[in-house]
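Working notes for the structure below.
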Amino acid sequence: MVQRVCILGATGSVGGSTLDVIALHPGRYEVFALTAFQKVDALAALCLQWRPRFAAVGTPAQAAALRTQLQAAGVATEVLHGAQALCDLAAHPEVDSVMAAIVGAAGLPACLAAARAGKRLMLANKEALVVGGRLFMQAVQQGGALLLPIDSEHSAIFQCLPEDRGTWADRIDHIVLTASGGPFRTRDPATLHTVTPDEACAHPNWVMGRKISVDSATMMNKALEVIEARWLFDLAPAQVRVVLHPQSIIHSMVVCRDNSVLAQLGTPDMKVPISVGLEWPGRAASGADALDFLTCKPLTFEPADHGRFPGLGLAYDALAAPEGSTTVLNAANEVAVAAFLAGRVRFTDIHRINAEAVAGLLPTPADAASLDDLLALDQRARRHAQAHAEELTR
Ligand code: NAD
Ligand code: MG
């Protein structure tokens, strides 16, 4: 049967790789909806190529511009706009699968809509789980959605576990998320305050959007992934460990109660976890290169250096603090990364902004009760972090 797919964040790195995998299998998927935030021309080009039933952008003006381009090209795609459109498309009765590839907390409402509507939900948007983990997992359960992790580490863990979730708790002693260490693994920490956005985005193993690239350089990406894993696999924070593995060949590991270790390996290419998400429980060509054991570099491991990467510890601090603290951490980090990418604060200020927000803004239970409460907390944390970023601005 043809799978009708909605791709949220189609103009991004994961969105583009998803279309690359789909292109390998003509007739197996129908691209039903594509969304973007600002890149109207890029979305128009995708609509010309894929002829989706719907497309969505951020504002009415962008929607008008997209409509004009599509009409001129004779493409019948219906154009929508705004945050509600993302939710409507994610939950559309004719959609089978949703690729959640929006970056940041902005993706949470549409992820929840897809979960509540019981879709096959391929989750790349890790921030959605960091912001609303408990609510998100409840929505998946109540809606009967099939949640498939796309983050490569979480896909690896998922692939190492049996299909019956009910057996996971008895089986897992802990999991080990691998981390490449990013571009600054060996750089003198005393020089980190001078790094530029382009240096921070030059990841040694992966080509990704700019926000996640900066997160990889601070290792906040791994901090977000610790929180993501806690919710996806229902683990205590102490059961989620991190080891540096600079080659990014082992994508993560499950250590079972008997100390047997299960790992998933492959070349570092997001098309593999995306293909797993699209095909699960089956397997099909992904377009990624095969791993050559005879020519690949030796696999090495190192402890994560918390002095160099203080952000990693914030994941455990936020998980130990009142619920909602991970929402605060994520919001502060989005603000701090944007300020760094805009040249307003230093690389090392990102951690200062994040740490101060988690310590300074303690949520009450009411702050994490519903989606609206969490979104209000997210906004409060953004204002808090923004004020701090302005104090630090050179
Ligand atoms: P990207 O910046 O390349 O693309 C982001 C997409 O989201 C774009 O299509 C953009 O238009 C859309 N978008 C941005 N802000 C939006 C908003 N406010 N409302 C609606 N749409 C919005 O990002 P990416 O690298 O593809 O990452 C996407 C998500 O996947 C992130 O959560 C990231 O952490 C996760 N992820 C990415 C990779 C990777 O290899 N790139 C790997 C693992 C996980
Ligand atoms: Mg990852």
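Readers should treat all values here as calculations from the given coordinates under stated rules, not as data from a laboratory. Since this is a predicted model, take the numbers as computed values, not measurements. In this analysis, Cβ positions are derived from the backbone assuming ideal geometry, glycine residues included, and neighbour counts consider all displayed protein chains.
Along the Cα→Cβ direction, 7 angstrom out, place labels at residue 267 and residue 137. What is the inter-label distance in nm?
Reported label-point gap for residue 267 and residue 137 is 3.5 nm.
So what's Rg/Rh here for region 318-372, counting alpha carbon atoms and using the Kirkwood radius for Rh?
1.05
With Cβ to Cβ distances under 15 Å as the rule, what net charge do the other residues near residue 321 carry (K, R +1; D, E -1)?
-2
Kindly write out, for region 73-85 in residue order, the coupling ³J(HN,Hα) from the Karplus curve 6.51 cos²θ - 1.76 cosθ + 1.60 (θ = phi - 60°), rounded to whole Hz, with x marking Gly and Pro.
Computed from phi, the couplings for region 73-85 are 8, x, 9, 8, 3, 7, 9, 10, 8, x, 5, 5, 4 Hz.
Give the span of region 3-149's Cα atoms along each principal axis, as three whole-Å numbers ordered largest to smallest.
Result for region 3-149: principal-axis Cα extents of 45, 33, 26 Å.
Separation of region 284-327 and region 345-369 by C-alpha centroid, Å?
That distance is 21 Å.
Among 262, 93, 366, which residue has its Cα positioned farthest towards the positive end of the charge dipole of the chain, with +1 placed on the Cβ of Lys and Arg, -1 on the Cβ of Asp and Glu, and the dipole taken about the Cα centre?
93
Hey, got a sec? Which GluC sites (Glu not before Pro) in region 299-394 land in a DSSP loop and have at most 11 other Cβ atoms within 10 Å?
Taking region 299-394 and a limit of 11 other Cβ atoms within 10 Å, no loop GluC sites (Glu not before Pro) are found.
Taking the number of other C-beta atoms within 10 Å as the exposure measure, put 283, 4, 187 in order starting with the fewest.
So the residues, fewest neighbours to most, are 283, 187, 4.
Need one number: convex hull volume per residue for region 214-360, Cα atoms only, in Å³.
160 Å³
Computed over the Cα atoms, what is the radius of gyration of region 98-249 divided by 2.2 N^0.38 Å, N being its residue count?
1.09
Starting from the amide H of residue 4, placed 1.01 Å from N in the peptide plane, find each other amide H under 5 Å away whose residue is 5 or more places distant or on another chain.
30, 96, 97
Subtract the Cα-Cα distance of residue 94 and residue 206 from 0.36 nm times their separation in residues, and report this length gain in nm to one decimal.
Here the segment from residue 94 to residue 206 would lengthen by 36.9 nm.
At what distance in nm do the modelled label points of residue 292 and residue 167 sit from each other, each positioned 7 Å from its Cα along Cα→Cβ?
3.7 nm
Taking the Kirkwood radius as the inverse of the mean 1/r across Cα pairs, report the Rg/Rh of region 354-394.
With Rh from the inverse mean 1/r over Cα pairs, Rg/Rh is 1.05.
Would you list which lysines come within 26 Å of residue 39, measuring only between C-alpha atoms, while excluding same-chain residues fewer than 8 positions from it?
Cross-link targets: 126, 211, 271.
Explain nothing, just compute: Karplus ³J(HN,Hα) = 6.51 cos²θ - 1.76 cosθ + 1.60, θ = phi - 60°, for every residue of region 44-52 in order, whole Hz, x for Gly and Pro.
4, 4, 5, 5, 5, 6, 9, 6, x
What's the Kirkwood radius of region 194-272 in Å, using all Cα pairs?
14.3 Å
Please compute the modelled spin-label separation between residue 28 and residue 186, points set 7 Å along Cα→Cβ, answer in nm with one decimal.
3.9 nm
Amide H of residue 173 versus every other amide H placed in the peptide plane: which residues, excluding those fewer than 5 positions away on the same chain, fall under 5 Å?
Under 5 Å from the amide H of residue 173: 255, 256, 257.
Loop-only check: which chymotrypsin sites (Phe, Trp or Tyr not before Pro) in region 289-394 are DSSP coil with at most 10 other Cβ within 10 angstrom?
Sites meeting the loop and neighbour criteria: 293.
What share of all Cα pairs of the chain, in percent, falls into each consecutive 10 Å distance bin?
5, 23, 33, 27, 10, 1, 0
Whose amide H sits under 5 Å from the amide H of residue 147, counting only residues 5 or more places off or on another chain, with H placed in the peptide plane?
Excluding prolines and chain starts, which carry no amide H, the hits are 121.
Roughly how many debye, to the nearest 20, is the charge dipole of the chain about its Cα centre, given +1 on each Lys and Arg Cβ, -1 on each Asp and Glu Cβ, and no other charges?
Dipole of the chain, to the nearest 20 debye: 480 debye.
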